[in-house]
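Below you'll find the structure, written out as structure tokens, and then a few comments.
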Amino acid sequence: MASSEAGPGAADVRGKDGAEGAERPGAVRLENITHRYGRGAEAVTAVGPVDLDVAPGEFVVLVGASGCGKSTLLRLMAGFERPTHGAVRVSGAAPRPGEAAGVVFQQPRLFPWRTVGGNIDLALRYAGVGRDQWQGRRAELLERVGLEGTEGRRVWEISGGQQQRVAIARALAAENPVFLLDEPFAALDALTRERLQDDVRRVTAQTGRTAVFVTHSADEAVFLASRVVVLSKRPGTVVLDLPVPLPRGEVDGEALRASAEFAELRTRISHEVKAAAA
């Protein structure tokens, strides 16, 4: 039986009056969420009930077996869907697609007829950034994800890992306080995946954005998270909410992964995910 341990974010977000913290930029709150697909006898409850508070600046990783509702919760936070029951609040308001958060999907979903820079420019345009600022912002975003000098290259001329870096830069363009990532490294080789984990950890620390990340991997969850939330099998509910007391600043990723503390947390999360899926 999986256990539940409240992470530090819950108390921080609620604030003294139980509502004040939800108005802060970057705060995410799921209040008694249940979400179903279909109607009548064919209806399937994908997730719920779930209560979850994410404090501004936290990096929360949702982990669990396939079909447990991780991606459903992320879509609700992004505003792509509305919950069947309950309420979602991002920075104190019901989320609207394209406004509530920057989103990175499993596939980069870049526009192949545009250059790398053209993909970034389009994101800047939709974010309301003035054209006179595009060159500087584009260069800044590409430098942030380690792709300096690639703005003139076509999408098919760069690797899958580089394409995902462009997707991350594009999601950062709007400077939304919330960053949502749905298994963005699942299709990548192990080495590229580790490099991008390092990048996302660094970028979120630099920008101070709230991040919610979906994965199947206990290893990835422990490396990235300031807090790990394990979901049960469908319908997904929270069975473990665990702070991750590992260094969050500039760290050696290889050394962190090799540490005893990392191994202990990874083993525990892996055990909890397997127990929750049983």
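The values are calculated or read from the model by the stated rules, or taken from the named source; none is laboratory data. Just so it is clear, the structure is predicted and the values come from calculations on it, not from any experiment. With ideal geometry, Cβ positions are generated from the backbone for all residues, glycine too; neighbour counts draw on all protein chains shown. Note: accessible area is taken over every heavy atom of the protein model, side chains too, but ligands, DNA and RNA are not part of it. Shrake-Rupley method; radii C 1.70, N 1.55, O 1.52, S 1.80 Å.
Could you go through segment 112-124 and let me know if any residue there is of a type in the set (Ser, Thr, Tyr), more than 14 Å from the chain's Cα centre (by Cα) and more than 28 Å from residue 96 (Cβ to Cβ). Yes, some residue in segment 112-124 is of a type in the set (Ser, Thr, Tyr), more than 14 Å from the chain's Cα centre (by Cα) and more than 28 Å from residue 96 (Cβ to Cβ). Out of the residues in segment 193-217 meeting the condition of being open to solvent by 10 Å² or more (accessible area, probe 1.4 Å), within 21 Å of residue 90 (Cα to Cα) and not polar (S, T, N, Q), tell me which one is nearest to the chain's Cα centre (by Cα). Ranking the qualifying residues of segment 193-217, first place goes to 209.
Out of 225, 221, one residue alone is under 13 Å from the mean Cα position of the chain (by Cα) and under 14 Å from residue 57 (Cβ atoms). It is 225. Would it be correct to say that residue 268 is open to solvent by 40 Å² or more (accessible area, probe 1.4 Å), part of a helix (DSSP H, G or I) and touching a strand residue (DSSP E or B) at 6+ places or on another chain (Cβ under 8 Å)? Yes, satisfied.
Residue pairs whose Cβ atoms lie under 9 Å apart, sitting 6 or more positions apart in sequence or on different chains, and linking a residue in segment 17-45 that is closer than 19 Å to residue 79 by Cα and β-branched (Val, Ile, Thr) to a partner that is modelled with pLDDT of 85 or more and loosely packed, with under 12 Cβ neighbours inside 10 Å, do not occur here. Answer with yes or no whether residue 244 is hydrophobic (A, V, I, L, M, F, W, C) and touching a Phe, Trp or Tyr at 6+ places or on another chain (Cβ under 9 Å). Yes: the conditions hold for residue 244.
If you go through segment 171-183 and pick out every residue that is crowded, with 23+ Cβ neighbours inside 10 Å and modelled with pLDDT of 90 or more, you end up with 4.
Is it the case, given these coordinates, that residue 195 is out of contact with any strand residue (DSSP E or B) (no Cβ under 6 Å at 6 or more places or on another chain) and either under 18 Å from residue 169 (Cα atoms) or of a type outside the set (S, T, N, Q) (or both)? The answer is yes for residue 195.
Determine whether residue 161 is without any contact (Cβ under 8 Å) to a residue 24 or more places away in the chain and either more than 15 Å from the chain's Cα centre (by Cα) or outside any loop (DSSP other than H, G, I, E, B) (or both).
Answer is no for this residue.
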